[in-house]
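The values are calculated or read from the model by the stated rules, or taken from the named source; none is laboratory data. This structure is a prediction, so every number in the text was calculated from the model and none was measured. Neighbour counts run over all protein chains shown; Cβ positions are idealised from the backbone, glycine included. What goes into the accessible areas is simple: the full protein's heavy atoms, side chains included, and nothing from ligands, DNA or RNA. Shrake-Rupley method; radii C 1.70, N 1.55, O 1.52, S 1.80 Å.
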2 protein chains.
Amino acid sequence: MTEPRWLNADERRAWLALLSINTMLPAALDNQLHTAGKVSLFDYNVMAMLSEAEGRFLAMSELAARTSSSLSRLSHVVTKLEKRGWLERRPHPGDARVTTAHLADAGMATLVALAPGHVEAVRAKFLDALTERDVADLARIGEKIVARLDDDHWILRET
Amino acid sequence: MTEPRWLNADERRAWLALLSINTMLPAALDNQLHTAGKVSLFDYNVMAMLSEAEGRFLAMSELAARTSSSLSRLSHVVTKLEKRGWLERRPHPGDARVTTAHLADAGMATLVALAPGHVEAVRAKFLDALTERDVADLARIGEKIVARLDDDHWILRET
DNA sequence: GTGCGTCACTTGAACGCTCAACCACGGCCT
DNA sequence: AGGCCGTGGTTGAGCGTTCAAGTGACGCAC
């Protein structure tokens with residue numbers, strides 16, 4: 001039973017900052033999206049990921065990977081968005097186990113309507129506080145952390 | 001109605017990384033704490049903040065500030081932890097509006113028991129992926145973001 | 001000292017998320 | 001062909017969080 005290595009000053013600062021960002025940033029963006037269109041940040045992201053996919057659809061498991069969420073959480077949310085007419089579930093032709101989520105036209109329309117305000121909020125609450133250099137550093141460091149948490153996370157998947 | 005400024009490559013990388021960290025890191029730490037002692041990361045943090053305070057107590061509003069949470073959320077959690085005998089609410093002598101939360105001995109004991117494993121997890125899931133330089137950069141950048149979200153956040157309160 | 005606005009919190013209901021259980025299918029292996 | 005395990009997904013119950021409303025207490029104006 002050896003003494004644990006406690007955090008030094010910089011480690012503590014980094015950890016506390018990340019912890020605070022972690023609760024405050026999603027809250028701020030959720031807020032903007034919710035007042036603009038009764039949509040959560042997660043809802044938005046689900047639709048955004050679909051909008052960027054070829055054919056505007058993805059398998060549930062792939063969509064879960066791209067939103068860093070559990071299949072269960074995604075399934076509940078897809079059900080909700082489906083009820084609003086923004087998404088549609090379809091069986092996969094080749095493999096009957098697979099369900100694909102398709103972004104409907106109505107979903108694309110709300111996404112397009114919400115996007116400018118959302119990007120503005122991302123800038124206002126986050127990116128505008130940083131220099132170009134900071135953003136590059138953060139991207140590099142952030143990807144290292146992501147790699148540690150999930151070594152084949154999709155955002156690391158480019159050449 | 002001008003065209004919004006969409007994100008460039010680094011901005012997008014930084015944003016997506018932060019978004020992923022945001023869901024995966026708390027989940028990983030929650031997991032460790034929950035299997036080690038049926039405690040959430042937020043529960044742990046509440047008790048940790050109290051343990052570091054003079055006299056092991058803080059006003060609810062101050063504790064809310066130090067956990068970046070709403071008073072409402074904190075109130076519910078304090079009720080829960082109080083039922084487990086880890087915390088105690090007391091009226092503030094000078095101002096009857098204020099409630100203070102005190103860390104009980106039992107709470108301190110569980111904190112002490114949980115701390116080594118938690119710190120190890122923070123290192124394993126996060127800090128160990130980074131160089132010393134990265135940690136310093138992240139602390140600096142993180143604090144800039146915190147400042148943007150709340151310009152007198154408590155972690156910025158030292159000289 | 002009476003009103004009035006603010007502050008510090010609490011509460012209950014609605015909503016969202018997590019967890020464990022479950023089902024159906026596909027890909028084996030024999 | 002039959003049995004088996006792993007994969008992909010759904011569901012419902014329980015718990016946690018948010019939101020809006022409500023309760024006192026303080027402080028200031030008059």
Please report the spacing between the Cα centers of region B:70-91 and region A:23-49 in Å, no decimals. 29
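Classify region B:94-159 as rounded, prolate or oblate, taking a ≥ b ≥ c as the square roots of the eigenvalues of its Cα gyration tensor: rounded when a/c is under 1.5, otherwise prolate if a/b is larger than b/c and oblate if not. Please report the intermediate quantities before stating the final value.
Numbers: a/c = 3.74, a/b = 1.22, b/c = 3.08.
Verdict is oblate for region B:94-159.
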Once you order the gyration tensor axes a ≥ b ≥ c over the Cα atoms, which shape class does region A:38-116 get: rounded for a/c under 1.5, otherwise prolate or oblate by comparing a/b with b/c? prolate
Heavy-atom accessible area order for B:His118, A:His92, largest first, 1.4 Å probe: A:His92, B:His118
Mean separation of Cα contacts under 8 Å, 6 or more apart, over the residue count of chain A: relative contact order %: 20
Accessible area that becomes buried as B packs against A, both chains, 1.4 Å probe, Å², nearest 100: 6100
Once you sort the root eigenvalues of the Cα gyration tensor of region A:17-71 as a ≥ b ≥ c, which label holds: rounded (a/c under 1.5), prolate (a/b larger than b/c) or oblate (the other case)? oblate
Once all protein chains are kept in place, B:Trp154 shows an accessible area at probe 1.4 Å, nearest 10 Å², of 40
Quick one: ranking B:Ser51, A:Ser20 by accessible area, 1.4 Å probe, largest first, what do you get? B:Ser51, A:Ser20
Taking a crude spin-label model, label points 7 Å out from Cα along the C-beta direction, the B:Glu62 to A:Glu62 distance in nm is 5.4
What residue among B:Leu71, B:Leu25, B:Leu149 has the largest mean-square fluctuation in a Gaussian network model of chain B, using Cα springs under 10 Å? B:Leu149
Give me the one-decimal nm value for the distance between modelled label points at A:Asn8 and B:Lys80, 7 Å along each residue's Cα-to-Cβ direction. 3.6
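How about region A:89-159: which GluC sites (Glu not before Pro) there are in a DSSP loop, with at most 14 other Cβ atoms within 10 Å of their Cβ?
Numbers: sites: A:Glu120, A:Glu132, A:Glu143, A:Glu158; in loops: A:Glu158.
Qualifying residues, ordered by number: A:Glu158.
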Once you place label points 7 Å from the Cα toward the Cβ at B:Arg157 and A:Ser72, how far apart are they in nm? 3.7
Candidate lysines - alpha carbon under 18 Å from A:Lys83, same-chain residues fewer than 8 apart omitted: A:Lys38
Just the accessible area for B:Lys144, please: 1.4 Å probe, Å², rounded to the nearest 10? 70
In deg cm²/dmol, rounded to 500, what helix-only [θ] at 222 nm does the protein assembly as shown give when every DSSP H run of at least 4 residues adds -39500 (n - 2.57) and the total is split over its residues? -21000 deg cm²/dmol
A:Arg73 accessible area, nearest 10 Å², 1.4 Å probe? 110
